[in-house]
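Remarks on the structure that follows.
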Amino acid sequence: MIVAAILDLQLAFKVLQLRYWQHIVNESLKKNIFKVPVHCAFGHEAIAVAVSEMMDPLDRLVLSHRNIAYNLARSGRLQPVYDEYKHLPSGADGGHLGSMNLANPDRGVIYTSSILGNNMPVACGIALGHLMLKRDGIVTALTGDGAMEEGTFYETLDISRYQKLPLLLMIENNKFAMSSTISERRVPIDVESMCRAFGTPYFFLTGNLVFDYAAKLKEIRGIITGDATPAVVEVDLSNLNRHAGPTPGWPSDPMNIDLKRGLIVQESACDPVHVLKQKLDPEIFAGLEEKVFSENWSG
Amino acid sequence: MANYIASVNQLIMSKCSKIPGAVLYGQNLNNGTFISGLTKNIAVHETGRIINTPNVENTLCGMGFGMMLAGVKCVYFVKQLDFMLLGLDHFVNTYNFIRCSRNINELGSFSIIMLVCDQGMQGPQSSFSGYADFSSMARIACYSITNNQDTPRILETVTQPGFRMIGLSSRLCRSEFIQTNLVYSADDNSVFQYTEGADATIVCFNFSLAEGQALHKKLLEKGMASSLFSVNYVPYPDWTRIRQSVAITGRLVVMDDSKSVHLPAYSMLDAIAGDNLQFKRVVVVRGPNVDFGIDPDLFPVNYNDIMLRLGV
């Protein structure tokens, strides 16, 4: 019980730390410090930490353009990612990949694509490679409610089930594709029914509580490896920042994220940090927050 | 003598069946017509796998790069070049990522072997024959295999790191497999030379070697010896060998049977002309009057006119 509590606190700390790092990136974006466009992911912290926790050493992660939360979670450090955005040799990939293609093979992030729908076929190939090389581990591919409109989503459902690929397809459903909401651009898609048509297990995550997400993903990973099947996870989340660049995006922007106001961006269930604050003892939350802010960050 | 498709099929299967751990995959590759004979008798190394896939071309192209990233060697067999238009995103964007971020020699390899549907009887939507365009956009090697000399050499690339496309001509499928001698081949397989002569230089692009060989024979009948070359689409080939030949012969015939507008042949002409070489040139290409409907698509060549223009 005590061990579980310590592990939970570690998860909570990682969510807060990830939020803090994103604040630093956002503040730097406001000052136009970076050479490349960055897509922040305020609101994605709980699922990003949970995915990172789920991964075994031989697991692989395939990301999309909005990859900052996952890259930071896997890296465990802000500096290499920050330097990559500054196009510096000290960056995570020597300043070659920038933001939208940032990968980190040493930490399992093997491929990242800025092209909508492009990464799912590549993930299928990596998963098939796992089978050919008799390598343990699964491949997790991140996509979104916008990218899953591409034909490759359907194709991936088809071939991944046919070849029994060890693939976890993670749909981050933030209800937006750039500035268009789902209802502004298409009909609702019942992903569960699509998965049922292919015989692929489907799971829905909501609530933004990192402990729940981590536990559920470990269970799903067990299904993928135990039953030799791909699986689809749709996670309900909100992107609390502008599509790209800093938030606010312009002087009169009603959406405003400011580190001076603390880690929480929105006092609602949409914000994983707010959810943690509601869940944890106030003193424990304050202690974690203090620990995060005490990090020696030079920039 | 076996025909072109049977001969090339034999060489391909002999090569691919020996690659340890290879994945050979594609649509209908182990049933029906075996992709018009391309994959007949397909076999794989005991550690490999043959996958008869669903019709998901975009994903199949992306998967090849995924397998490459995972360290696997794979070959995707395709019925028609125009199907590969669905995979262009991966040839350009996905491969750029791999080339940028990785030591490519530590990864697996990805090859696409396909028929180029250039016999003209499939209909307006199946007449795309110039894959120099793929080569240019993605900066990759696209080889046209036509004869007993280039086929085994180009197939050697299948096990090498990186990505390439290897095309066969459906127009040549039922013809005799072209037999040639080899005078020279570039290390990167960009330029092959089959004969050496001091009176004319013939350079064939895409799948026009048969027509080039016919011209070579007609010139011989007139007592003229020609140097016969074929060129594969490799980014920035070394034109030195061809330039040296033109400097000797003073006559250059360029043939390209693809339907693309911007042809590598023009780049070669620019490079050679830039040396202030004086030579007679004849360019045989399809030009603006391509028939996009059902048409025999024979790449007709007026040999008498060429010889007249060469001053023969």
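The values are calculated or read from the model by the stated rules, or taken from the named source; none is laboratory data. Quantities reported herein were computed from a predicted structural model and do not represent experimental measurements. Every residue, glycine as well, gets a Cβ built from its backbone with ideal geometry; the counts of neighbours run over all protein chains shown.
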Residues that are under 19 Å from A:Leu18 (Cβ atoms) and buried (at least 17 other Cβ atoms within 10 Å of the Cβ), drawn from the range A:242-262: A:Arg242, A:Ala244, A:Pro246, A:Thr247, A:Ile257
Among (1) closer than 16 Å to B:Cys100 by Cβ; (2) facing chain B (nearest Cβ under 10 Å) - the single one A:Leu128 does not satisfy: (1)
If we keep just the residues of the range A:263-284 that are more than 14 Å from A:Ala41 (Cα to Cα) and in contact (Cβ under 8 Å) with a residue 12 or more places away in the chain, which is surrounded by the most Cβ atoms within 10 Å (Cβ to Cβ)? A:Leu276
Given the criteria surrounded by 14 or more Cβ atoms within 10 Å (Cβ to Cβ), within 14 Å of another protein chain (Cβ to nearest Cβ) and of a type in the set (D, E, K, R), does A:Glu155 qualify? yes
Kindly evaluate A:Val122 against the criterion of being within 13 Å of another protein chain (Cβ to nearest Cβ), within 25 Å of A:Val210 (Cβ to Cβ), of a type in the set (A, V, I, L, M) and in contact with a strand residue (DSSP E or B) (Cβ under 8 Å, 6 or more places away or on another chain). no
Being under 14 Å from the mean Cα position of the chain (by Cα) and closer than 18 Å to B:Leu298 by Cα is the requirement here; does B:Ser170 meet it? yes
Among (1) of a type in the set (Ser, Thr, Tyr); (2) over 13 Å from A:Asp145 (Cβ atoms); (3) surrounded by fewer than 17 Cβ atoms within 10 Å (Cβ to Cβ), there is one condition A:Ser180 misses while meeting the rest; what is its number? (2)
Hits in the range A:127-150 (condition: in a helix (DSSP H, G or I) and at pLDDT 95 or above): A:Ala127, A:Leu128, A:Gly129, A:His130, A:Leu131, A:Met132
Only one of (1) closer than 20 Å to A:Val292 by Cβ; (2) assigned to a loop (DSSP other than H, G, I, E, B); (3) over 19 Å from the mean Cα position of the chain (by Cα) is not met by A:Ala5, so which one is it? (2)
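One line per residue, one yes/no per condition, for (1) of a type in the set (Asp, Glu); (2) under 25 Å from B:Gly108 (Cα atoms); (3) surrounded by fewer than 21 Cβ atoms within 10 Å (Cβ to Cβ):
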residue: A:Arg77; (1), (2), (3): no, no, yes
residue: A:Pro105; (1), (2), (3): no, yes, yes
residue: A:Leu131; (1), (2), (3): no, yes, yes
residue: A:Thr140; (1), (2), (3): no, yes, no
residue: A:Glu150; (1), (2), (3): yes, no, yes
residue: A:Ser160; (1), (2), (3): no, yes, no
B:Met121 being closer than 23 Å to B:Gly32 by Cβ, away from chain A (no Cβ under 14 Å) and not hydroxyl-bearing (Ser, Thr, Tyr): yes
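Here is a yes/no grid of residues against (1) modelled with pLDDT of 95 or more; (2) more than 19 Å from the chain's Cα centre (by Cα); (3) closer than 12 Å to B:Gly26 by Cβ:
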position	(1), (2), (3)
B:Ile50	yes, yes, yes
B:Val56	yes, yes, yes
B:Gly64	yes, yes, yes
B:Lys79	no, no, yes
B:Asp82	no, no, no
B:Ile104	no, yes, no
B:Ser111	yes, no, yes
Within the range B:22-46, count every residue that is surrounded by fewer than 24 Cβ atoms within 10 Å (Cβ to Cβ) and within 8 Å of chain A (Cβ to nearest Cβ). 0
Output for the range B:62-85, where each listed residue is at negative phi, of a type outside the set (Val, Ile, Thr) and at the interface with another protein chain (Cβ under 9 Å from one of its Cβ atoms): B:Gly62, B:Met63, B:Gly64, B:Phe65, B:Gly66, B:Met67, B:Met68, B:Leu69, B:Ala70, B:Cys74
So, A:Leu29, is that one part of a helix (DSSP H, G or I), touching a Pro at 6+ places or on another chain (Cβ under 6 Å) and farther than 30 Å from B:Gly87 by Cα or not? yes
Condition met for A:Gly262 (on the phi > 0 side of the Ramachandran plot and touching a strand residue (DSSP E or B) at 6+ places or on another chain (Cβ under 9 Å)): no
Requiring at least 3 residues that are free of Cβ contacts under 8 Å to residues at least 40 places away in the same chain and either under 17 Å from the mean Cα position of the chain (by Cα) or within 30 Å of B:Arg139 (Cβ to Cβ) (or both), the helices (runs of 4 or more DSSP H) wholly within the range B:199-280 are B:240-249, B:264-273
Out of (1) within 14 Å of another protein chain (Cβ to nearest Cβ); (2) buried (at least 19 other Cβ atoms within 10 Å of the Cβ), what's the single condition that is false for B:Gln149? (1)
The lone condition A:Ala73 fails out of (1) within 8 Å of another protein chain (Cβ to nearest Cβ); (2) farther than 30 Å from A:Val187 by Cα; (3) outside any strand (DSSP E or B) is (1)
